[in-house]
Amino acid sequence: MKKIFPFFKSKGPRTQEDLIRRKTIGSFLLFFLLIALAIFGWMQLRVATPGRLSDGVQKPLRKVLDVNEKIFNRNFSTQHLSKTYPVSAADKKVRVNGDVGMSDDFDPASWKLQLVKASGDTLLLTLDDLKKLPKTEIVFDFKCIEGWSQITHWGGVRFQDFVKAYHLEKEASMKYIGMHTPDEEYYVGIDMPSALHPQTLLCYEMNGKPLPLNQGQPLRMIIPVKYGIKSLKRIGTLFFSESRPPDYWFERGYDYYAGL
Ligand SMILES: Nc1nc2c(c(=O)[nH]1)N[C@H]1C(S)=C(S)[C@@H](COP(=O)(O)O)O[C@H]1N2
Ligand SMILES: [Mo]
């Protein structure tokens, strides 16, 4: 015992060597303790069963996302505009990404936007109805959460102009908008300040032409202040809510806000 743990001897003066040995062993113990804690923490995350998941991610990770979200929300201002570019900077070959909710049996000709008002009444709007409203174009750097970005050119009606035209003041005082594809396979929720942001469009054109089918014809969302996941293609239904509408990628572990 004395040989292995010489610092346990209680009698006699401590030599310099004893002190060093003692410190070294102490440091090692602390080192292993920290490693054990790290492994324990990692296992806690790993063994999280679905019951311990919070909206698709392990609870401790969700907490971190929630804090991030608060910081983003606090710093978000409707005055802050995404950087825009001249039309000439826009890519002509626009990447197609994500086809959830883009089922083949869709007929754009018979499409109508279902707008669910706060009263519960549903308005059915055609694309021509939307084209009558003031048109806004934007060229910006579209960013996908997967790590790519592309400068692209879009046209449509600002969501805030749409709200004004259809007298949706009551709806706009609610906390969120929700939307989903006609088949309800893809769905997003967007906080109202971001929806009313001056660069947020109900978009029906890309590069000056009607949206291609795989890019959301007849109507999609374009929301430059957020990652691409929120720019839902092929809007079927649009509604308003005081609580968070369901969100496809939030349910799969991304943060709800997905702000830039
Ligand atoms: N209906 C629908 N909309 C969608 C998606 C999807 O899978 N289905 N993917 C999103 C994602 S992750 C991105 S990056 C953009 C891509 O838009 P694009 O295909 O026009 O480039 O659409 C978003 N909107
Ligand atoms: Mo994306």
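The values are calculated or read from the model by the stated rules, or taken from the named source; none is laboratory data. Note that the structure is predicted; figures quoted are calculated from it, not measured. Glycine gets a Cβ as well: all are built from the backbone with ideal geometry, and neighbour counts include every protein chain shown. Ligands, DNA and RNA are excluded from the accessible area calculation, which covers all protein heavy atoms including side chains. Shrake-Rupley method; radii C 1.70, N 1.55, O 1.52, S 1.80 Å.
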task: Might you check whether a residue that is out of contact with any helix residue (DSSP H, G or I) (no Cβ under 6 Å at 6 or more places or on another chain), part of a loop (DSSP other than H, G, I, E, B), modelled with pLDDT under 80 and hydroxyl-bearing (Ser, Thr, Tyr) occurs anywhere in the range 44-53?
output: yes
query: Only one of these conditions is not met by His167: (1) on the phi < 0 side of the Ramachandran plot; (2) part of a loop (DSSP other than H, G, I, E, B). Which number is it?
result: (1)
message: Please verify whether Phe162 is more than 12 Å from ligand 1 (Cβ to nearest atom) and farther than 21 Å from Gly101 by Cα, treating the condition exactly as stated.
response: yes
- prompt: Being exposed (fewer than 12 other Cβ atoms within 10 Å of the Cβ), among the basic types (Lys, Arg), more than 19 Å from Ser194 (Cβ to Cβ) and at pLDDT 75 or above, is that true of even one residue in the range 88-98?
  reply: yes
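Please go through the range 141-155 and give me each residue that is within 13 Å of ligand 1 (Cβ to nearest atom) and assigned to a strand (DSSP E or B), ordered by number. Give the derivation first.
From the range 141-155, those within 13 Å of ligand 1 (Cβ to nearest atom) are 141-154; that's our starting set.
Hits for the range 141-155 are Asp141, Phe142, Lys143, Ser149, Gln150, Ile151, Thr152, His153, Trp154.
Inspect all residues belonging to the range 121-133 and state whether any of them is of a type outside the set (Ser, Thr, Tyr), assigned by TED's automatic domain parsing to the domain that holds Gln217 and more than 15 Å from Ala165 (Cα to Cα). Steps first, please.
First, pick out the residues of the range 121-133 that are of a type outside the set (Ser, Thr, Tyr): 121, 123-125, 127-133.
Filter again for assigned by TED's automatic domain parsing to the domain that holds Gln217, leaving 121, 123-125, 127-133.
Imposing the further condition that a residue be more than 15 Å from Ala165 (Cα to Cα) reduces the set to 121.
Checked the range 121-133: at least one residue is of a type outside the set (Ser, Thr, Tyr), assigned by TED's automatic domain parsing to the domain that holds Gln217 and more than 15 Å from Ala165 (Cα to Cα).
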Single match in Met192, Met221, Met174 (criterion: touching a Leu at 6+ places or on another chain (Cβ under 6 Å) and either in contact (Cβ under 8 Å) with a residue 60 or more places away in the chain or not aromatic (Phe, Trp, Tyr) (or both)): Met221
Pairs where the first residue, in the range 97-111, is within 14 Å of Tyr248 (Cβ to Cβ) and the second is among the small types (Gly, Ala, Ser) and within 16 Å of ligand 2 (Cβ to nearest atom), C-beta under 8 Å, 6+ apart: Asn97/Gly228; Gly98/Gly228
Residues that are open to solvent by less than 70 Å² (accessible area, probe 1.4 Å) and at pLDDT below 80, drawn from the range 26-43: Gly41
query: How many residues, within the range 106-125, are surrounded by 14 or more Cβ atoms within 10 Å (Cβ to Cβ) and assigned to a loop (DSSP other than H, G, I, E, B)?
result: 5
- request: Sort out which residues of the range 177-191 are open to solvent by 10 Å² or more (accessible area, probe 1.4 Å) and either within 16 Å of ligand 2 (Cβ to nearest atom) or among the aliphatic types (A, V, I, L, M) (or both), and write them in order of number.
  value: Glu185, Tyr186, Tyr187
statement: For Lys135, the lone unmet condition from (1) in contact (Cβ under 8 Å) with a residue 12 or more places away in the chain; (2) open to solvent by 20 Å² or more (accessible area, probe 1.4 Å); (3) under 22 Å from the mean Cα position of the chain (by Cα) is (3)
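If you scan the range 205-250, which residues turn out to be within 8 Å of ligand 1 (Cβ to nearest atom), over 22 Å from Leu123 (Cβ atoms) and assigned to a loop (DSSP other than H, G, I, E, B)? Please lay out each step first, then the result.
Going residue by residue through the range 205-250, those that are within 8 Å of ligand 1 (Cβ to nearest atom) are 206, 214-216, 220-221, 227-234, 248-249.
In the following step, the residues that additionally are over 22 Å from Leu123 (Cβ atoms) were identified as 206, 214-215, 227-231, 248-249.
Of everything in the range 205-250, those that are within 8 Å of ligand 1 (Cβ to nearest atom), over 22 Å from Leu123 (Cβ atoms) and assigned to a loop (DSSP other than H, G, I, E, B) turn out to be Tyr227, Ser231, Tyr248, Trp249.
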query: Are any of the residues in the range 226-245 on the phi > 0 side of the Ramachandran plot, open to solvent by 10 Å² or more (accessible area, probe 1.4 Å) and away from ligand 2 (no atom under 16 Å from the Cβ)?
result: no
message: Checking Gly253 against (1) buried (at least 18 other Cβ atoms within 10 Å of the Cβ); (2) among the small types (Gly, Ala, Ser); (3) touching a Gly at 6+ places or on another chain (Cβ under 7 Å): exactly one of these is not met. Which one?
response: (1)
query: Within the range 68-80, is even one residue under 23 Å from Glu146 (Cβ atoms), at pLDDT below 80 and among the polar types (S, T, N, Q)?
result: yes
